[in-house]
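Laboratory data are not the source of any read-out in this text; all were calculated from the coordinates shown. Here the structure is a predicted model, which is why all the values come from computation and not from measurement. Backbone-built Cβ (ideal geometry, glycine too); neighbour counts: all protein chains shown.
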Amino acid sequence: MTVRLGVRWTAGAAPHESVPAVLHDAITAQDAEHPEASAWTLTWLEGRARCELDDLVRVAQDHDGSVSVVRLGDETDEPDDDDWLGA
């Protein structure tokens, strides 16, 4: 597996070139909902992109390739990253 490095970019700016295109629309929508935010952080988990806007929201690529948007701190809406364990 190739190691992928994370990156930060300014909220409201175009997503960094390493962010998968499938996440761009959700990131743009969250920028509009959170104009007070300062920065996005891209990290990788098991080869899938996860972008966090400050401590407000996470836009992520799920195990099936779909996009999820989760408010951080809201544990009831947190996706289960361990779904693959039951497969």
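When the GluC sites (Glu not before Pro) in segment 1-67 are filtered for DSSP coil states and for at most 11 other beta-carbon atoms within 10 Å of their beta-carbon, the remaining sites are E17, E36, E46.
Taking the fewest neighbouring Cβ atoms within 10 Å as the starting point, the ordered list for V57, V22, V3, V67 is V3, V22, V67, V57. Shape class for segment 9-56: prolate, because the ratio a/c of the largest to smallest gyration tensor axis (alpha-carbon atoms, square roots of eigenvalues) is 1.5 or more and a/b beats b/c.
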